[in-house]
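Written out below as structure tokens is the structure these notes cover.
The values are calculated or read from the model by the stated rules, or taken from the named source; none is laboratory data. All of these numbers come straight from a predicted model, not from anything done at the bench. Note: ideal-geometry Cβ built from the backbone for every residue, glycine included; neighbour counts use all protein chains shown.
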Amino acid sequence: MGEGAPRGPRADAQRNRARLLAAASELFVERGPDAPYIEIAKRAGVGVGTIYRHFPTREELIEAAYRSELDAVCAAADCLLRSLPPERALRAWMDRFIDYMTMKVGLGDAIRAVVAAGGNPFVHSRERLNAALAALLAATAAAGLTRPEVPADDVLMSLSGIAMAAGAPEQRKQAARMIDLLCRGLHPHP
């Protein structure tokens, strides 16, 4: 066998990992950090051994589940800008961010377990979220739809407040109204 670049994970291994992270996120939110591995594996449609191959410790699984959600919300900004007009892309990303924050709050106990074990799942989170949001705000400002002087971090913190105040599934209509108010505040003054 010749030497070359190391191969990445096989496609089925990548799919298994993604399904595990999605199932783990759901179950950690529903049941807390001690959600049984057998239930996570069952929901993901894999064997328990697959969990241990990908994530030798519970803390690694929790941190990977959180980072997977962070990756998804950050990547959504570019995807939305490619598929929607800027203002609709911004609004859709704001809704997606509320979903992310709801998951993050739901993972609270699990994330605290990671931090207690010495991990830091939040390293660079705010910077990454600000970068994603800044791209959306730049696109809407270039189209004349939002004020260019509004810092992404101010909008991010406003969205975080909305998620904390009205992030529960039964409060989604109120969260949507609050996001609409925030969006109106971003419009250029006449």
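Looking only at residues of the range 72-98 that are of a type in the set (Lys, Arg) and either at pLDDT below 95 or closer than 18 Å to Ala175 by Cα (or both), we find that the one that is surrounded by the fewest Cβ atoms within 10 Å (Cβ to Cβ) is Arg88. For the range 147-181, give me each residue that is surrounded by fewer than 16 Cβ atoms within 10 Å (Cβ to Cβ), touching a Leu at 6+ places or on another chain (Cβ under 9 Å) and more than 15 Å from Asn130 (Cα to Cα). Across the range 147-181, the qualifying residue is only Arg147. Examine the range 182-190 for a residue that is within 17 Å of the chain's Cα centre (by Cα), surrounded by fewer than 18 Cβ atoms within 10 Å (Cβ to Cβ) and charged (D, E, K, R), and state whether such a residue exists. The answer is no; no qualifying residue exists.
Cβ-Cβ distance below 7 Å, separation of 6 or more or different chains: which pairs start in the range 19-37 with a residue that is farther than 12 Å from Val105 by Cα and end on one that is not in a helix (DSSP H, G or I)? Short answer, once both residue conditions are applied: Arg19/Gly45; Arg19/Val46; Leu20/Val46; Leu27/Ala35.
All conditions in (1) crowded, with 20+ Cβ neighbours inside 10 Å; (2) within 19 Å of Ala75 (Cβ to Cβ) hold for Ala110, with the sole exception of (2).
One residue is enough: does the range 51-63 have a residue meeting the conditions under 25 Å from Arg96 (Cβ atoms), part of a helix (DSSP H, G or I), of a type in the set (Lys, Arg) and in contact (Cβ under 8 Å) with a residue 12 or more places away in the chain? Among the residues of the range 51-63, not one is under 25 Å from Arg96 (Cβ atoms), part of a helix (DSSP H, G or I), of a type in the set (Lys, Arg) and in contact (Cβ under 8 Å) with a residue 12 or more places away in the chain, which makes the answer no. Checked against (1) over 20 Å from Arg31 (Cα atoms); (2) surrounded by fewer than 20 Cβ atoms within 10 Å (Cβ to Cβ); (3) touching a Ser or Thr at 6+ places or on another chain (Cβ under 9 Å), Ser68 passes all but condition (1).
Yes/no per residue for (1) over 13 Å from the mean Cα position of the chain (by Cα); (2) aromatic (Phe, Trp, Tyr); (3) within 15 Å of Trp93 (Cβ to Cβ); (4) at pLDDT 95 or above:
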{"residue": "Gly118", "(1), (2), (3), (4)": "yes, no, no, no"}
{"residue": "Asn130", "(1), (2), (3), (4)": "no, no, yes, yes"}
{"residue": "Leu133", "(1), (2), (3), (4)": "no, no, yes, yes"}
{"residue": "Leu136", "(1), (2), (3), (4)": "yes, no, yes, yes"}
{"residue": "Ala139", "(1), (2), (3), (4)": "yes, no, yes, yes"}
{"residue": "Ala142", "(1), (2), (3), (4)": "yes, no, no, yes"}
{"residue": "Thr146", "(1), (2), (3), (4)": "yes, no, yes, yes"}
{"residue": "Ala152", "(1), (2), (3), (4)": "yes, no, yes, yes"}
{"residue": "Val155", "(1), (2), (3), (4)": "yes, no, yes, yes"}
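Restricting the search to helices (runs of 4 or more DSSP H) fully inside the range 75-190 and requiring at least 1 residues that are of a type in the set (D, E, K, R), under 18 Å from Ser25 (Cβ atoms) and touching a residue at least 24 places away in the same chain (Cβ under 8 Å) gives 86-106, 108-116, 125-142.
Taken as a whole, the structure leaves Phe122 outside the set of residues that are surrounded by 19 or more Cβ atoms within 10 Å (Cβ to Cβ) and not basic (Lys, Arg).
Taken over the range 42-77, residues that are of a type in the set (Phe, Trp, Tyr) and over 11 Å from the mean Cα position of the chain (by Cα) amount to 2.
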